[in-house]
Amino acid sequence: MSRRDVHMRQAFITAWITSVFFILHMQYALYYMTGALLLCLVTGILYEKDRNIWGSILIHFAIGFMPRCLGVLQILEGYPGNWTADRGYGEKEMMLELLEGGRNAFPEIIRQIRTAEHEITVHMFIWREDRIGTEIAREILAAADRGVKVTVEKDLYAVILEYAEESQRSLCHRPALTDRAGISILELVYNRELAGKKLITSRSSMYMQLKAHPGIAMMDSVRTYDHSKYFIFDRRVMILGGINIEDKEYDRDLKGRVYQDYMVKITGPDSVAQFLEKRKDPKKKSDLFLVNMKAPVRCFELKSGYMEIIDGARREISIMMAYFGPDKDILSGIKRALQRGVRVRILIPKNANFNDATNRLTVSRLQAYAKAPGSRCSGGLEIYMTEKMLHAKLLMNEQRVIIGSCNINRKSFTRLDELAVSVDNDDSPFAAEIRKSLEQAFRNAECVGARDRIRYNPVLAVLETVVM
């Protein structure tokens with residue numbers, strides 16, 4: 001064999017081995033691969049010098065594998081620059097990503113639908129027949145056509161809200177006679193421009209295609225009173241939070257209000273498996289998921305989780321809430337925090353699409369307490385109102401963050417199924433992204449002065465508190 005042939009053969013083997021190692025090591029972090037490069041250089045030099053392959057293998061094993069056996073690399077894996085986290089419940093790799101607004105959430109949801117290979121679960125509260133709603137449905141159909149098993153869980157209870165605003169069309173439901181009364185009341189109170197408008201209640205062709213497809217299981221005929229929203233892809237990726245499937249979540253509603261909301265993307269089969277286990281047994285302890293569930297057994301954790309955020313705060317509490325009702329325990333907890341010297345910041349929408357009077361009633365009660373002579377408040381209460389339609393549900397103190405679908409009101413705490421994630425407020429990129437978004441939201445909002453009067457309709461506030 002000529003020298004040229006030898007060089008060609010060596011180049012081919014080198015390229016082949018390099019390609020194999022490249023593919024096999026793509027999952028590892030940069031610091032891993034930098035260490036591996038140095039290790040290969042050292043062992044290669046030693047082999048070239050002594051021609052002792054067994055010595056090189058022994059050194060490679062001792063330097064590369066023994067630290068993992070001793071737990072050294074497990075410690076390094078938790079460094080703040082890594083997006084993965086060890087949750088302490090057997091999970092080896094989990095990645096959290098904040099998806100702010102529909103402009104970030106919907107493209108990622110569509111990407112996951114397109115790349116799913118085995119199964120998709122869509123669990124949704126509101127799913128309108130509009131541009132976004134139709135596009136998601138079309139992607140679901142395409143996934144089912146290529147053999148992906150799809151389950152759609154859609155609550156009939158949401159039909160009243162779907163027909164009382166925006167496009168007044170539901171992708172999945174038609175309103176019953178009893179629903180029409182509720183729709184008319186909501187239109188008269190919140191959307192008078194829609195009152196008396198004839199509702200289009202015919203089944204959409206897209207829904208009929210979903211319903212008829214043999215690979216799609218449509219579970220949409222029952223009022224389960226389930227307010228949670230999430231997607232599961234191949235049992236390895238989960239996206240959950242407060243965003244419904246509708247155009248206004250992508251940008252703004254018909255009244256021009258820009259929507260602010262969040263979804264959380266969780267990557268990691270163990271995390272998804274943990275959630276699925278919690279669906280079977282809601283009382284099973286989790287340090288990631290908090291649920292309100294009525295079946296198979298009743299387990300309502302969100303209010304307790306919120307109270308732990310409030311009672312556990314020592315320096316600061318931040319609350320972003322779409323619909324903030326005057327829950328006695330929550331308000332008492334905030335008052336105790338103010339007495340401890342905790343800074344309390346609350347952000348609500350200036351003009352909410354629903355429950356606006358209740359929002360204003362709640363913060364006005366806290367404002368009155370904070371400035372009362374005998375309140376003994378050593379902390380500071382800061383109330384902010386944003387021009388955006390804040391649809392987020394988030395509580396944070398210096399130790400923990402809860403973000404999900406649960407509002408602070410009687411119905412959310414006692415009747416509706418809800419879902420949220422509870423994570424450490426630490427140095428991780430995920431927590432840092434939440435803090436960044438939160439601070440930006442407060443900066444863009446209007447701070448209500450201690451002497452400013454918060455105006456609201458007291459009769460409407462009482463009715464909202466009782467009904468909503």
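The values are calculated or read from the model by the stated rules, or taken from the named source; none is laboratory data. Keep in mind the model is a prediction, meaning the values are calculated, not measured. FYI the Cβ positions are ideal-geometry reconstructions off the backbone, even for glycines, and counts take in every protein chain you see.
Here are a few things to note about the model shown:
- Residue tally, condition touching a helix residue (DSSP H, G or I) at 6+ places or on another chain (Cβ under 6 Å) and part of a loop (DSSP other than H, G, I, E, B), over the stretch 173-185: 2
- Residues that are assigned to a loop (DSSP other than H, G, I, E, B), touching a strand residue (DSSP E or B) at 6+ places or on another chain (Cβ under 8 Å), modelled with pLDDT under 95 and of a type in the set (A, V, I, L, M), drawn from the stretch 335-381: none
- Test: residue 300 is at pLDDT 95 or above and within 17 Å of the chain's Cα centre (by Cα): no
- For residue 322, the stated conditions do not hold, so it cannot be described as in contact with a helix residue (DSSP H, G or I) (Cβ under 7 Å, 6 or more places away or on another chain), surrounded by 22 or more Cβ atoms within 10 Å (Cβ to Cβ) and closer than 26 Å to residue 360 by Cβ.
- Residue list for the stretch 256-286, filter: loosely packed, with under 14 Cβ neighbours inside 10 Å, on the phi < 0 side of the Ramachandran plot and in a loop (DSSP other than H, G, I, E, B): 281, 283, 284, 285
- Test for residue 437: is it closer than 28 Å to residue 247 by Cα, surrounded by fewer than 19 Cβ atoms within 10 Å (Cβ to Cβ) and touching a strand residue (DSSP E or B) at 6+ places or on another chain (Cβ under 6 Å): yes
- The stretch 398-427, residues that are crowded, with 18+ Cβ neighbours inside 10 Å and among the acidic types (Asp, Glu): 417, 418
- Selection from the stretch 430-460 of residues that are hydrophobic (A, V, I, L, M, F, W, C) and free of Cβ contacts under 8 Å to residues at least 12 places away in the same chain: 432, 459
- Of the criteria (1) out of contact with any His (no Cβ under 8 Å at 6 or more places or on another chain); (2) within 28 Å of residue 283 (Cβ to Cβ); (3) assigned by TED's automatic domain parsing to the domain that holds residue 455, which one residue 293 fails: (3)
- Listed by position, the helices (runs of 4 or more DSSP H) contained in the stretch 49-155 that have at least 1 residues being farther than 26 Å from residue 252 by Cα and at pLDDT below 95 are 53-64, 66-69, 72-76.
- In the set (1) part of a helix (DSSP H, G or I); (2) at pLDDT 95 or above, residue 235 fails one condition alone, (1).
- Reported count of residues in the stretch 295-304, each being surrounded by 18 or more Cβ atoms within 10 Å (Cβ to Cβ) and in a helix (DSSP H, G or I), is 2.
- Here is the figure for the stretch 191-217: residues that are under 29 Å from the mean Cα position of the chain (by Cα) and either among the β-branched types (Val, Ile, Thr) or not assigned by TED's automatic domain parsing to the domain that holds residue 153 (or both) total 1.
- Pairs with Cβ under 6 Å, 6+ apart, first in the stretch 213-224 and in contact (Cβ under 8 Å) with a residue 60 or more places away in the chain, second of a type in the set (Gly, Ala, Ser) and outside any loop (DSSP other than H, G, I, E, B): 213/144; 215/144; 216/144
- Residue check: residue 188 meets all listed conditions (1) in a strand (DSSP E or B); (2) over 29 Å from the mean Cα position of the chain (by Cα) but one, namely (1).
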